[in-house]
């Protein structure tokens, strides 16, 4: 809870699924909205599918390392974020080729 309070501004709206652990968020200073995937996948235009997709892909990618040092975890996650945001693979290859100054 202290980490959440330090990272989330009091006037924020926080969306989560309906897992019972998130009940504790209701007593903090921000507004907590639950999206019950058993009833609907979104609440208006708000959904949590993007973050679920990110963690699904990140866990699948990071599993091959069989453990990551805690001090470097943020770097590995930043790499996963970058790969998720720079899709499709052809775009990723073009950017990496430009960075390496290789002929396309």
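The values are calculated or read from the model by the stated rules, or taken from the named source; none is laboratory data. Model, not experiment: these values are computed from the prediction.
Just a few scattered comments:
- If you go through the stretch 80-100 and pick out every residue that is part of a helix (DSSP H, G or I) and more than 29 Å from residue 18 (Cα to Cα), you end up with 12.
- Taken over the stretch 26-71, the criterion of being at pLDDT below 80, within 20 Å of residue 2 (Cα to Cα) and in a helix (DSSP H, G or I) is satisfied by 26, 27.
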